[in-house]
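The values are calculated or read from the model by the stated rules, or taken from the named source; none is laboratory data. Since the structure is predicted, the reported quantities are computational estimates derived from the model, not experimental observations. With ideal geometry, Cβ positions are generated from the backbone for all residues, glycine too; neighbour counts draw on all protein chains shown.
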Amino acid sequence: MLDQTPTSIIKARDLHKCYWVGTMPFPALHGINLDIEPGEFTVLAGRSGSGKSTLLNLIGALESADSGSIEVLGENILAMNQDQRTRFRLQNIGFVFQAYNLIRVFSARENVAYVCQLQGKGKKESMEIANHWLGEVEIGHLGYRRPDQLSGGQQQRVAVARALASEPKIILADEPTANLDSMTGRHLIHLMQDLNRRLGTTFLISSHDPDVKQAAGRLIKLADGQIVDAWDSIPKPPISLASACPVGNLPLTERLRNYFREMRNKVRNKKRHGNTRRHS
Ligand SMILES: Nc1ncnc2c1ncn2[C@@H]1O[C@H](COP(=O)(O)OP(=O)(O)OP(=O)(O)O)[C@@H](O)[C@H]1O
Ligand SMILES: [Mg+2]
């Protein structure tokens with residue numbers, strides 16, 4: 001049934017992701033199924049720790065899933081190697097982060113132009129493109145300033161311009177208004193909505209912000225790493241740690257550490273038993 005949606009620009013199936021800190025598992029996503037159509041303005045909502053950033057990072061090919069599949073623009077991104085993922089991101093996906101992530105020593109214009117240069121465009125053309133997108137987000141007159149000479153809202157506009165400069169089909173924004181006051185946050189949302197309508201860019205935005213949720217063309221609710229219909233429909237019984245984070249997915253370094261620990265214990269036990277036998 002779910003697979004009868006060939007037009008999806010983002011298609012995730014049975015996505016699982018668990019983080020490991022040493023041998024300690026932290027489940028993040030558990031069986032996510034998701035279809036996003038081109039041109040949608042979707043907001044991912046959920047409590048802190050519900051898995052919003054993890055899901056965006058997987059869709060943006062910044063991290064790998066433990067199992068499941070993700071198709072973005074029809075491409076199986078989990079099957080790509082690092083280089084292919086980097087190239088795919090550069091061509092197709094723009095990112096906007098909570099902390100702006102601008103390069104401090106570059107001007108606003110250079111920050112935006114840099115993405116175009118990474119795509120192989122010349123410096124002059126890149127600067128012209130940067131001017132265009134800074135104009136689109138209404139700070140064309142501030143292109144010469146460095147990030148520390150701009151307000152939080154202006155820096156986030158630079159980040160949106162940078163995300164748009166590569167003309168991506170998709171923009172992933174992780175808590176884009178979290179560091180902004182509510183008025184500036186609202187302006188930013190209107191700006192993104194306007195760009196979505198005019199350019200047809202697909203937006204997937206994670207947020208706690210009620211204003212962002214209100215602006216959503218579609219709201220997806222995440223709870224405990226799962227998509228739910230309503231906040232009170234969190235699946236019961238709760239997912240067990242063993243099923244969410246199978247030991248088989250333990251990172252290689254930890255598996256090796258475990259292996260050597262077991263070997264050491266075996267040798268120690270052998271010695272101890274050997275000694276006891278000799279004494280008896
Ligand atoms: N690098 C990591 N190492 C260990 N656990 C992690 C890591 N990143 C995320 N997690 C865990 O994965 C779960 C989902 O985290 P995630 O950051 O996706 O949540 P979130 O919904 O974005 O939260 P927030 O609203 O606070 O940003 C949490 O339990 C978190 O502690
Ligand atoms: Mg987050």
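Consider region 102-117. How many of its residues are among the aromatic types (Phe, Trp, Tyr) and assigned to a helix (DSSP H, G or I)? Even if it seems obvious, please write down each step before you answer.
Our first condition is that a residue be among the aromatic types (Phe, Trp, Tyr); within region 102-117, this holds for 106, 114.
After this cut, where a residue has to be assigned to a helix (DSSP H, G or I) as well, the list is 114.
Going through region 102-117 one residue at a time, the tally reaches 1.
Applying the selection to region 2-26, what residues are under 16 Å from the mean Cα position of the chain (by Cα) and within 16 Å of ligand 2 (Cβ to nearest atom)?
Lys17, Tyr19
Pull up region 8-46, narrow it to residues that are among the small types (Gly, Ala, Ser), assigned to a strand (DSSP E or B) and within 12 Å of ligand 1 (Cβ to nearest atom), then point me to the one that is surrounded by the most Cβ atoms within 10 Å (Cβ to Cβ). If you could, list the steps in order and put the result at the bottom.
Within region 8-46, the first condition is being among the small types (Gly, Ala, Ser), and the residues that meet it are 8, 12, 22, 28, 31, 39, 45-46.
From the residues that got through so far, the ones that are assigned to a strand (DSSP E or B) too are 12, 28, 31, 45.
Still in the running and within 12 Å of ligand 1 (Cβ to nearest atom): 28, 45.
Working: Ala28: 26, Ala45: 21.
Checking each candidate, the answer is Ala28.
Report whether or not Gly49 is small (Gly, Ala, Ser), without any contact (Cβ under 8 Å) to a residue 12 or more places away in the chain, part of a loop (DSSP other than H, G, I, E, B) and surrounded by fewer than 18 Cβ atoms within 10 Å (Cβ to Cβ). So that I can check it myself, show each step before the final result.
Values: small (Gly, Ala, Ser): yes; without any contact (Cβ under 8 Å) to a residue 12 or more places away in the chain: yes; part of a loop (DSSP other than H, G, I, E, B): yes; surrounded by fewer than 18 Cβ atoms within 10 Å (Cβ to Cβ): yes.
Yes, satisfied.
Go through region 66-82 and give me each residue that's within 16 Å of ligand 1 (Cβ to nearest atom) and among the β-branched types (Val, Ile, Thr).
Across region 66-82, the qualifying residue is only Ile70.
Considering region 98-140 alone, what residues qualify as being among the small types (Gly, Ala, Ser) and under 21 Å from the mean Cα position of the chain (by Cα)? Before the answer, list the steps.
Taking region 98-140 and keeping what is among the small types (Gly, Ala, Ser), we get 99, 107-108, 113, 120, 122, 126, 130, 135, 140.
The answer is Ala99, and nothing else.
Residues checked against (1) surrounded by 20 or more Cβ atoms within 10 Å (Cβ to Cβ); (2) touching a helix residue (DSSP H, G or I) at 6+ places or on another chain (Cβ under 8 Å); (3) modelled with pLDDT of 95 or more:
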| position | (1), (2), (3) |
| --- | --- |
| Thr177 | yes, yes, no |
| Leu199 | no, yes, no |
| Val212 | yes, yes, no |
| Leu219 | no, yes, yes |
| Asp224 | no, no, no |
| Pro246 | no, no, no |
| Met263 | no, no, no |
| Asn269 | no, no, no |
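If I ask for residues that are near ligand 1 (Cβ under 8 Å from one of its atoms) and among the β-branched types (Val, Ile, Thr), which ones from region 51-65 would you list?
If the condition is that a residue be near ligand 1 (Cβ under 8 Å from one of its atoms) and among the β-branched types (Val, Ile, Thr), then Thr54 is the only one that fits.
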